[in-house]
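To keep things clear, I will list the structure first and then write my remarks on it.
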Number of protein chains: 2
Amino acid sequence: MTSAYASLCDLFQRLSRLEHLSAISGWDMYVMMSSKGSTARAEAMAELELEIQARLAAPRVAELLSAAEQESLDDDQRADLVEMKRRHAWTTALPPALVEAKSLAGARCEHAWRRQRPANDWTGFAANLREVVRLAREEASIRAELTGLGRYDALLDHYEPGMRAERLDPLFADLSSWLPELIERALERQARVAETSLEGSFDPEAQRRLGLEVMALLGFDFEAGRLDVSAHPFCGGVPSDVRITTRFDEGDFLPALMSVIHETGHARYEQNLPSRFHGRPIGLARSMGMHESQSLSFEMQLARSDAFLSLLQPMVSNHFGRRPGLDLEALARRVRRVAPGKIRVDADELCYPAHVMLRYQIERALIEGELEVDDIPAAWDERMLRYLGVDTRGDYRNGCMQDIHWTDGGFGYFPTYTLGAIYAAQLFAAARQALPGLDERIADGELGVLFGWLDANVWSHGSRYSTDELLRRATGAPVSTQAYRAHLERRYA
Amino acid sequence: MTSAYASLCDLFQRLSRLEHLSAISGWDMYVMMSSKGSTARAEAMAELELEIQARLAAPRVAELLSAAEQESLDDDQRADLVEMKRRHAWTTALPPALVEAKSLAGARCEHAWRRQRPANDWTGFAANLREVVRLAREEASIRAELTGLGRYDALLDHYEPGMRAERLDPLFADLSSWLPELIERALERQARVAETSLEGSFDPEAQRRLGLEVMALLGFDFEAGRLDVSAHPFCGGVPSDVRITTRFDEGDFLPALMSVIHETGHARYEQNLPSRFHGRPIGLARSMGMHESQSLSFEMQLARSDAFLSLLQPMVSNHFGRRPGLDLEALARRVRRVAPGKIRVDADELCYPAHVMLRYQIERALIEGELEVDDIPAAWDERMLRYLGVDTRGDYRNGCMQDIHWTDGGFGYFPTYTLGAIYAAQLFAAARQALPGLDERIADGELGVLFGWLDANVWSHGSRYSTDELLRRATGAPVSTQAYRAHLERRYA
């Protein structure tokens, strides 16, 4: 007789096959799709999503999950079962009417936002967002009831399993206690050195070749993935065929190059997930925060280090010739430039966490019912001024209307960006300790030693361990801002 | 209460959404997929196919199809129901064990063929093909039993609904009565004129730009499709987002250009299918032969005409400069060059039907049990010599092992290539009659008048009419080789 666990493995294997098609069609939508194809594509992807949900929601699945609990499973199988239950619980928690209402309200709000944001129309946007928030609160209450978690935690746990607001709060409180002053110090130091501006234009094709060269240096497996262009850089596809994208700015090669490095970090995590767990939940990446820790390990920890820049600079010169602003010193200054501004996605390494913290504080209060939609602009403006010294009053389009996340109810995601930065610093510090002379070896182009460490400590584990356990095994300590602060102070103070 | 027909529309609408994802993932497989992604992709596409089949095979569907028969439907709905029943019958006819055996034997034969063909290993290939043929005969018997058709007809009807061997035989008998002699006459005429050979190389990027320009001239809607590169040119995607491909040969721009024109013919049919029938079987293209008639109307009837060549030649010169072999006369000679050879996909317009007829005769006899696998080489060699004067003895790899079609049991498809050529000639002759001065208007770049006629007579009807009815409405006559012969004699004799 087939065990309940084996039946579940078959089910999830089949779901992962359908999700493969979602992933490829989703990538295609942003990279290849013709404009007139969008309606049919949205319908097709929704139909597949319905099928996936229906298979998970079948009564037999709940029975199998209970039965598997009683079976004799090894540690990996048990961890796999935990992930299966988490997935099942998330998918089946909400009444269909709420799912539909959420989907409609989210689509309406996002759709209108695309016009309202350029028009700076906060009033119009707020009207739609109120409905989205109302439904998100309803969702959070139901999920909290079912899981025994707090309302915001019940959403956060989907993106960052195991993370709780009561653990985030002290991390972010600590951060906000030293970050504004560190930004000020960095700005003062930066003001003492003149910046070399770039000259001429940067051929997109040369930028693409440089990107591919750097991906190769970073160990990207080109037999299991590719680089393309899209409006917003992302990492998509499936582990055996990871699709990363970038976009080229002819006036500056750095944004595309840094986004390629960032997405390559995501890609290597995916490409090196444990293939023995292929098609099972335990084989997936641990969390959004852990995923971001890999992209930021590449983009911030590695790529902006002196050691790596000494490798990178000759490649840059090779593609763009000898020009002002391309020498090592100017390059280092440019990748570490601090410039507080209104827009999160344009933020530098030092200012980025401020953007995230303020969003976390606002969305958490929204979900808990401590803040109303009408209160968002004031809360936003106050924090932007406090953390970054930036005045956003009245400029909704570059303030609280800039992100797409909230428009369709994606609450609980924002903190994972900064958790990723914190994990990355902690992991990198541990790697430096474990691998003597790491920076010298990086400068010599021996990057394999670093990737081997990341593979052994993060990539190869998939979802075997909780994030806490993974971090403790890799770094010997629970999550803390200590390494992150040390890293930022070393680099910017 | 929802009518049975309305329930069926909902079912087929949902199936078409899933098939959208099949189409895009299928395109991606040939154009974008990384090599290591192939196993997971094959599994994912198979899972989706299983889901589609399961939905069609649900007992309720047969009930709905019977019930809808009794409902009051208009002509279009009735035509739609006919297509639904055809699809349902095809999908549910075979016992699962036979489907699985076919799939395994086909995969094994095709997989081995990829090595056996280059090795000219007929004995090895024949061993696998015998099993494929055995299962195809079993399939044909079951389908014949269920449909009341002949065994070969029961397969042919899938690709070319309504076509029967007893109607194909006289068409092909007529063709074979005059074609060999026409080929001889063409070769004699051709021998009297020296050919200008091409010089230099043709930049793939310039070839691509020329291709895009010609696609625009041919009315391709770039908001509903795109051009990419693949090992074998094809037309894929969905009507709102048609994906055509080509491949570039640096030594000659003509193969890529002609394949772009061919695929653009397929693409315009797809892009102009009736959107009011979107997602219903009646909204699909009529048949494989009718589809091929559109690609051949573009590639053979239109693009190789004097009128069109006079439009095309300046575009060619524009991209590749003034070189030997690019003037109008040399271009015309090259696109109409006749060269009997062993390989079907390299065949010219005049020799192509000979390749198809011999395959039809062999595959029909195989399915009817009148020929065994071991008899194929002799049957092949005899016909190649008779039709084309080409000796293929012992050269299996360039003889009866050259095509992929039979390896996984695709019997009944080959005739549609030549049916397409016959339909194309008949349609084009009717268009010429209906549109006075058509060639002058083509030479003036007024192609819209031709496309308008094709749209009104073919594209916009989807599957409303049978192929016979469609042809009779468009040309006033049932299918016949008359226009095809006249066209070939005018061009080549």
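Has the range A:392-412 got any residue that is open to solvent by 40 Å² or more (accessible area, probe 1.4 Å), among the acidic types (Asp, Glu) and over 18 Å from A:ARG117 (Cβ atoms)? No. Within the range B:308-325, being buried (at least 16 other Cβ atoms within 10 Å of the Cβ) and in contact (Cβ under 8 Å) with a residue 60 or more places away in the chain holds for B:PHE308, B:SER310, B:LEU311, B:LEU312, B:VAL316, B:HIS319, B:PHE320, B:GLY325. Evaluation of B:ALA339 against the conditions (1) small (Gly, Ala, Ser); (2) closer than 15 Å to B:LEU254 by Cβ; (3) assigned to a helix (DSSP H, G or I) shows that the sole unmet condition is (3). Would you confirm whether or not the range B:224-245 contains a residue that is assigned by TED's automatic domain parsing to the domain that holds B:PRO353, in contact with a strand residue (DSSP E or B) (Cβ under 6 Å, 6 or more places away or on another chain) and aromatic (Phe, Trp, Tyr)? Checking the range B:224-245: at least one residue is assigned by TED's automatic domain parsing to the domain that holds B:PRO353, in contact with a strand residue (DSSP E or B) (Cβ under 6 Å, 6 or more places away or on another chain) and aromatic (Phe, Trp, Tyr). Among the residues of the range A:1-24, the ones that are farther than 15 Å from A:ILE52 by Cα and within 9 Å of another protein chain (Cβ to nearest Cβ) come to 1 in all. Restricting attention to the range B:236-281, the residues that are assigned to a strand (DSSP E or B) and either buried (at least 22 other Cβ atoms within 10 Å of the Cβ) or within 14 Å of chain A (Cβ to nearest Cβ) (or both) add up to 9.
If I ask for residues that are facing chain A (nearest Cβ under 8 Å) and surrounded by fewer than 22 Cβ atoms within 10 Å (Cβ to Cβ), which ones from the range B:211-225 would you list? If the condition is that a residue be facing chain A (nearest Cβ under 8 Å) and surrounded by fewer than 22 Cβ atoms within 10 Å (Cβ to Cβ), then B:ASP221, B:PHE222, B:GLU223, B:ALA224 are the ones that fit.
Considering the range A:327-342, and only residues there that are open to solvent by 40 Å² or more (accessible area, probe 1.4 Å) and among the aliphatic types (A, V, I, L, M), the residue that is farthest from A:LEU385 (Cα to Cα) turns out to be A:LEU328.
A:ASP249 fulfils the conditions (1) over 29 Å from A:THR418 (Cβ atoms); (2) touching a helix residue (DSSP H, G or I) at 6+ places or on another chain (Cβ under 6 Å) except for a single criterion, (1). Inspection of the range B:60-81 finds a residue satisfying the criterion of being open to solvent by 60 Å² or more (accessible area, probe 1.4 Å), closer than 20 Å to B:LEU18 by Cβ and basic (Lys, Arg).
Considering only residues in the range A:413-435 that are under 21 Å from A:TRP459 (Cα atoms) and aromatic (Phe, Trp, Tyr), the one that is surrounded by the most Cβ atoms within 10 Å (Cβ to Cβ) turns out to be A:TYR423.
Residues in the range B:134-161 that are of a type in the set (Ser, Thr, Tyr) and farther than 21 Å from B:ARG286 by Cα: B:SER141 only. Taking residues in the range B:446-467 that are farther than 20 Å from B:GLU160 by Cα, and partners anywhere that are assigned to a helix (DSSP H, G or I), the pairs with Cβ atoms closer than 6 Å and at least 6 places apart or on different chains are B:VAL449/B:ARG441; B:TRP453/B:ALA431. Residue pairs whose Cβ atoms lie under 8 Å apart, sitting 6 or more positions apart in sequence or on different chains, and linking a residue in the range B:97-108 that is without any contact (Cβ under 8 Å) to a residue 40 or more places away in the chain to a partner that is open to solvent by less than 30 Å² (accessible area, probe 1.4 Å), are B:ALA101/B:LEU135. Between a residue in the range B:35-60 that is facing chain A (nearest Cβ under 8 Å) and farther than 20 Å from A:GLU223 by Cβ and any residue that is open to solvent by 50 Å² or more (accessible area, probe 1.4 Å) and part of a helix (DSSP H, G or I), which pairs come within a Cβ distance under 7 Å, given they are 6 or more apart or on different chains? Short answer, once both residue conditions are applied: B:GLU47/A:ARG14; B:GLU47/A:ARG17.
In summary, A:ASP169 fulfils each of the numbered conditions (1) closer than 27 Å to A:SER317 by Cβ; (2) of a type in the set (Asp, Glu); (3) surrounded by 13 or more Cβ atoms within 10 Å (Cβ to Cβ) with the single exception of condition (1).
The values are calculated or read from the model by the stated rules, or taken from the named source; none is laboratory data. Small disclaimer: the values here were computed from a predicted structure and weren't measured. Here the Cβ is made from the backbone with ideal geometry for all residues, glycine too, and neighbour counts use every protein chain on show. Keep in mind that these areas ignore ligands, DNA and RNA; they rest on the heavy atoms of the full protein, side chains included. Shrake-Rupley method; radii C 1.70, N 1.55, O 1.52, S 1.80 Å.
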